[in-house]
Amino acid sequence: MRLLDLQGLQACSEFCALRGDPKLAVLVDFSWLLHRSFYAYDLSFPIGGIEVKTGDIYGVLRTISGIAHKKPTSVILLCLDGSAGARKEIDPAYKGNREDTSKAEVYRKQEEILRAACILPNVFLAYHPDFEADDVIGTLARALSGAGLEVVIFASDKDFYQLIGDKIRVASKLTGKTFEIVTEEEILKKLKVKPPHLLMFRSLTGDASDNLPGYLRLPTKLAAKIAEQFKTPDELLQGSPEVASLEEFYKGLTKPQRKWVEKIQADPQTLKKNFEMMRLRPVGRPGLFRLPGDEAILEKYGMTSVKALLKSLLVPGESIHEESL
């Protein structure tokens with residue numbers, strides 16, 4: 001695997017010379033897309049007399065080719081999961097409510113799907129063995145947007161909402177010729193806080209999908225009020241530089257709300273743990289690489305229509321058999 005810096009990502013492949021420098025980076029949560037495709041498409045193909053489920057291959061490649069078709073000058077980064085060890089050390093029950101994916105059927109064809117996706121020369125893989133895909137996505141989103149690219153994060157995890165800004169957007173659907181972008185207004189309407197305050201808000205309220213309970217029956221409006229005033233648990237527990245004292249904050253609270261704040265301050269471990277679990281950790285240098293594109297995989301699983309679609313997205317001079325970087 002060859003590691004690339006961000007400038008290398010923009011200039012290292014034939015893609016840039018043939019299509020011009022990419023102005024948009026699409027960061028895909030690959031595990032989420034794989035799971036969604038596996039369960040969304042009830043497709044199979046006979047191999048050796050056995051019906052093999054192929055909805056995962058079909059769904060992932062149709063989605064990626066859809067992005068490439070609608071956004072032909074984009075660079076598409078499929079972000080892969082590394083270890084969740086750091087979060088497991090903080091909370092051994094992290095994601096304990098999910099199925100064991102270490103041997104799940106959903107992951108059996110992962111490498112084949114990635115090789116098929118790399119038929120397209122603007123598809124790259126992003127990975128760090130010590131970090132989850134969420135952290136890789138967060139790091140790349142900040143870095144690429146800082147380098148002037150527009151960034152779309154294609155994922156469903158609400159943790160990514162904290163990144164939304166002028167050059168970073170989040171979408172979980174692709175319809176017509178556009179992504180269905182999650183707007184600040186939608187987040188404010190649904191969650192009662194703006195993106196910059198989401199990390200603190202969700203640390204208070206918890207995340208059932210990751211098996212991270214919050215403070216039971218904490219009023220949503222109060223959680224939003226705390227999150228808008230305090231950016232980190234330490235600010236709430238020790239006082240924020242932007243607030244003269246906690247007493248000043250208390251003046252705007254009702255008596256029941258004050259009791260809730262005192263309860264959180266007396267038992268801060270839930271808040272601190274959730275904050276550490278939900279924050280997107282900086283990854284020093286994610287591995288950015290490609291695998292050799294392999295059309296034989298598409299033939300193996302009867303994906304003739306997908307193969308034709310992928311080929312149609314190549315421009316003159318591009319090869320379906322590009323060597324690994």
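Think of each Lys and Arg Cβ as +1 and each Asp and Glu Cβ as -1; about the Cα centre, that makes the dipole of the range 192-278 roughly 420 debye. When the charge dipole of the range 145-217 is built from unit charges on Cβ atoms (+1 for Lys and Arg, -1 for Asp and Glu) and taken about the Cα centre, the candidate among 197, 147, 179 whose Cα reaches farthest toward its positive end is 197. Residue ranges 150-158, 113-121, 163-171, 301-309 sort as 113-121, 150-158, 163-171, 301-309 when ordered by packing (mean number of other C-beta atoms within 10 Å per residue, highest first). Projected label points at residue 88 and residue 267, each 7 Å from Cα along the beta carbon direction, are separated by 2.8 nanometres. The amide H of residue 174, built 1.01 Å from its N in the peptide plane, has 180 as neighbours under 5 Å, considering only residues 5 or more places off or on other chains.
Modelled spin-label separation between residue 250 and residue 185, with each label point placed 7 Å from Cα along the Cα-to-Cβ direction: 4.0 nm. Evaluating 6.51 cos²θ - 1.76 cosθ + 1.60 at θ = phi - 60° for every residue in the range 51-61, the Karplus couplings come out as 6, 10, 5, 10, x, 5, 4, 4, x, 5, 6 Hz, glycine and proline recorded as x. Can you work out the PRE-style zone for residue 311? Point 7 Å along Cα to Cβ, and I want the residues of the range 116-160 with backbone N under 19 Å. Counting backbone N atoms under 19 Å from the label point, the list is 116-122.
Where a ≥ b ≥ c are the square roots of the eigenvalues of the C-alpha gyration tensor, would you call the range 61-167 rounded, which needs a/c under 1.5, or, failing that, prolate if a/b is larger than b/c, or oblate? Judged from the Cα gyration tensor, the range 61-167 comes out oblate (a/c at least 1.5, b/c at or above a/b). Taking 0.36 nm per residue of sequence separation and removing the Cα-Cα distance, the residue 73/residue 220 pair yields an extension gain of 48.8 nm. Using 0.36 nm per residue and subtracting the Cα-Cα separation, the extra length available between residue 296 and residue 238 on full extension is 14.8 nm.
With both labels modelled 7 Å from their Cα along Cα-to-Cβ, the residue 304 to residue 51 distance reads 2.0 nm. Taking θ as phi - 60° and the Karplus parameters 6.51, -1.76 and 1.60, the scalar couplings of the range 248-254 work out to 5, 5, 4, 4, x, 10, 7 Hz in sequence order, x denoting glycine and proline.
Shown in residue order for the range 181-188 are the 3J(HN,Hα) couplings computed by the Karplus curve 6.51 cos²θ - 1.76 cosθ + 1.60 at θ = phi - 60°: 6, 7, 8, 4, 5, 5, 5, 4 Hz (x for Gly and Pro). Measuring nothing but how far apart in sequence close Cα pairs (under 8 Å, 6+ apart) lie, relative to its length, the range 192-278 scores a relative contact order of 37 percent.
A short reminder: the numbers here are calculations on the coordinates, not readings from a lab. Keep in mind it's a predicted model, so treat the numbers as computed, not measured. Virtual Cβ from ideal backbone geometry, glycine too; neighbours counted across all protein chains shown.
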